[in-house]
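Following: one structure in structure tokens, then a few remarks.
The values are calculated or read from the model by the stated rules, or taken from the named source; none is laboratory data. It should be emphasised that the depicted structure is a prediction, and the values quoted were computed from it without experimental measurement. Because the Cβ atoms are built from the backbone with ideal geometry, glycine has one as well, and the counts that use them run over all protein chains shown.
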Amino acid sequence: MSAYNAPVEDMFFALTKLANIDNISKLSNNTDISSDSVKLLIEEAGKFAKEKLDSINSEGDDKGIKLENGLVRMPNSFISSYKSFIESGWFSIAGKKQFGGQDFPWSVLVCINEIWESANMSFAVNNMLTQGAIELIQEHGNESQKNLYLPNLISGKYSGTMNLTEPHAGSDLSDLKTKATIKNDKYTIKGTKIYITHGDQDMSENIIHMVLARLPDAPEGNRGISLFLVPKYYDDENGNKIKNDIKVVSIEHKLGHNASPTCVLSFGENNECIGELIGEPNCGLKAMFTMMNNARLNVGVQGVAISERSYQRALSFARDRKQGFSFKKGKKERVNIIEHPDVKRMLLEMKSQIEAMRGLTVFTAETIDYSNKLSNTEEGVEYLNLSSLLTPIVKAWCTDQSVFITSLGIQVHGGMGFIEDTGAAQYFRDSRILPIYEGTNGIQALDLLKRKLSLDGGKTFKKLLEKMKKTAFDCKNANLKELSTMGGLLEESITSLESSASWLTEELNKNPDNSAAGATPFLNMFGWILGGWVMCKASLTIEKNSLNKELGNQFCNEKINTSLFFCTTYLPTASALMSTIKHSHKSLSVIC
């Protein structure tokens, strides 16, 4: 089996040419995040991932986890790798410096997170959720909570989880039943949560659960939800370590993601589960959205990551596997299957989509960085709105494509791909949870339709369109024929996107069900066109700035040809979705 190698060159290109990490460094007054230091960081992360995480991934998939005496037992190799992860300081790249973090921007974090998720998604999701808990407490916790929990979370001594879903409610948080009451000046929590990723494990010393619950006499619906910090262990008044009243009822047996413990947790069976209120009463959902939005971006990154790993394995297999004869060479000798045009096509589908997805996640993360660094300014608000518009697209489009890409990875292997021994099937199985995680992709599409298109009176969407149109114009007028072709296709697809958005917005007011029926194909259209925009920007940057000497002819030529393939393959498909968006509602009545 081929070992994982981090795509450092393409990540660095995205950070420096599609984004501008040095400009973020200047705004932050943080010399640790210059382009030179970031490249070294990515290289070191790649080495760690290859040696410590990729090497134990198949073992985790094969052995999974066990529930023994109410505690989740991880594979021994995961425990030792977690210790190495902490000792190497990888948890601390997130979080503010005053609490022990290195305060790296999100544009860098998404690249580092991609590396972990590519190498071992079951292991890395622990780090992903802990990052979300860090951001939530930094933004909404009180000073005592920040001082007590942040240094331990940032070091990796503690890990974090997100507890939303309940057995009866699914994604409908307005119907949650978990209760919080005041007892002896403390909050006690009682209820059951399901699908809690890394809800229990024996890698970290403590687990900090972020739990949504209702206080007595709270309003109905989302307005009556509060947020509580509920640790697995807490110290009593005498400094004794107390196991909180949290029970692991069961662990889920899943399609994939086998070494990630997905738990059913019962809080307060003995009415002794202690929690701390985060933020104001009845304002918990707003606070939790800090962690949820963080997770939605990072789940999109998981889609990129699992696709990259699948591609690397398929590419390695195609280079080594001999089968069939070449059209050019005739039946003189059998050739490696990478010489077959259809195999090349499948690999290029994988490669081009991954690069478009990666560029989009880095660009989206950069908008978050600017919104953070320019907060309380008009420009900062514009970046915040843009990140809000892009996040559901990144989450949904990148994860939908990951299922397709990892399926193609199996196809490249042929019959061997369907056999577990090659490892190709694991990536397909692991990827399937991603379109469901953190709000199903249908929910992301409705969020885009109902809330994000209308941000700032629709100005955010229009400003993004103008950026995309400018890129299309510049490409059409470039000297390079390939760029001109891409620019024309991008321009046509933007016209379809604009027309579809206009129809959806009008229909939302008149016939909301008709509009909702087109929400998912619209999000997919938007994702494909944003991917085409990213690839056009990448090629335009190479052509405009004559980057061949800096990046090398091979990288630059590959990037332009990969971009051309993406645009000629997927932008016409994206434009064609306009018919589906506007007409699919007419036939939905047959399903009842």
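When every residue of segment 546-567 is checked against the conditions, at least one turns out to be buried (at least 22 other Cβ atoms within 10 Å of the Cβ) and of a type in the set (A, V, I, L, M, F, W, C). Check whether at least one residue in segment 26-46 is among the basic types (Lys, Arg), surrounded by fewer than 21 Cβ atoms within 10 Å (Cβ to Cβ), in contact (Cβ under 8 Å) with a residue 12 or more places away in the chain and part of a helix (DSSP H, G or I), and report yes or no. Yes, the conditions are met somewhere in segment 26-46. Here LEU455, LEU465, LEU384, LEU448 are screened, and the one residue that is surrounded by 21 or more Cβ atoms within 10 Å (Cβ to Cβ), at negative phi and among the hydrophobic types (A, V, I, L, M, F, W, C) is LEU448.
Of LEU215, LEU148, all but one fail to be surrounded by 13 or more Cβ atoms within 10 Å (Cβ to Cβ) and free of Cβ contacts under 8 Å to residues at least 12 places away in the same chain; the exception is LEU148.
Only one of LEU497, LEU530, LEU540, LEU577 is modelled with pLDDT of 95 or more and touching an Asp or Glu at 6+ places or on another chain (Cβ under 8 Å). Can you tell me which? Step through it out loud before you land on a result.
Values: LEU497 fails: touching an Asp or Glu at 6+ places or on another chain (Cβ under 8 Å); LEU530 fails: touching an Asp or Glu at 6+ places or on another chain (Cβ under 8 Å); LEU577 fails: touching an Asp or Glu at 6+ places or on another chain (Cβ under 8 Å).
Result: LEU540 is the single residue among LEU497, LEU530, LEU540, LEU577 that is modelled with pLDDT of 95 or more and touching an Asp or Glu at 6+ places or on another chain (Cβ under 8 Å).
Looking at GLY60, is it of a type outside the set (A, V, I, L, M, F, W, C) and out of contact with any helix residue (DSSP H, G or I) (no Cβ under 8 Å at 6 or more places or on another chain)? Break it down stepwise before answering.
Numbers: of a type outside the set (A, V, I, L, M, F, W, C): yes; out of contact with any helix residue (DSSP H, G or I) (no Cβ under 8 Å at 6 or more places or on another chain): no.
So GLY60 does not fit the description; no.
When you go through SER55, SER2 one by one, which is the residue that is among the hydroxyl-bearing types (Ser, Thr, Tyr), in contact (Cβ under 8 Å) with a residue 40 or more places away in the chain and not in a helix (DSSP H, G or I)?
On the way: SER55 fails: not in a helix (DSSP H, G or I).
So the residue among SER55, SER2 that is among the hydroxyl-bearing types (Ser, Thr, Tyr), in contact (Cβ under 8 Å) with a residue 40 or more places away in the chain and not in a helix (DSSP H, G or I) is SER2.
Condition check for ALA365 on (1) within 18 Å of ALA119 (Cα to Cα); (2) within 14 Å of the chain's Cα centre (by Cα): one failure, at (1). Among the residues of segment 421-463, those that are within 19 Å of GLN312 (Cα to Cα), touching a Gly at 6+ places or on another chain (Cβ under 9 Å), in contact (Cβ under 8 Å) with a residue 60 or more places away in the chain and part of a helix (DSSP H, G or I) comprise ALA424, GLN426, TYR427, PHE428, ARG429, ASP430, SER431. For ASP61, the criteria (1) among the acidic types (Asp, Glu); (2) modelled with pLDDT of 95 or more; (3) surrounded by fewer than 16 Cβ atoms within 10 Å (Cβ to Cβ) hold in every case but one, which is (3). Among strands (runs of 3 or more DSSP E) entirely within segment 225-304, having at least 2 residues that are under 21 Å from GLY95 (Cβ atoms) singles out 226-231, 274-278. When SER539, SER579 are screened for being within 24 Å of MET468 (Cβ to Cβ) and touching a residue at least 40 places away in the same chain (Cβ under 8 Å), only SER539 passes. Quick check on segment 102-117. Is at least one of its residues over 24 Å from ILE306 (Cβ atoms) and either of a type outside the set (Asp, Glu) or surrounded by fewer than 24 Cβ atoms within 10 Å (Cβ to Cβ) (or both)? Checking segment 102-117: at least one residue is over 24 Å from ILE306 (Cβ atoms) and either of a type outside the set (Asp, Glu) or surrounded by fewer than 24 Cβ atoms within 10 Å (Cβ to Cβ) (or both). The residue that is farthest from GLY191 (Cα to Cα), among those in segment 242-271 that are in contact with an Asp or Glu (Cβ under 6 Å, 6 or more places away or on another chain) and surrounded by fewer than 15 Cβ atoms within 10 Å (Cβ to Cβ), is ILE242.
A search for C-beta distances below 8 Å between a residue of segment 307-325 that is more than 14 Å from THR406 (Cα to Cα) and any residue that is among the acidic types (Asp, Glu) and outside any helix (DSSP H, G or I), counting only pairs 6+ apart in sequence or on different chains, returns PHE325/GLU333.
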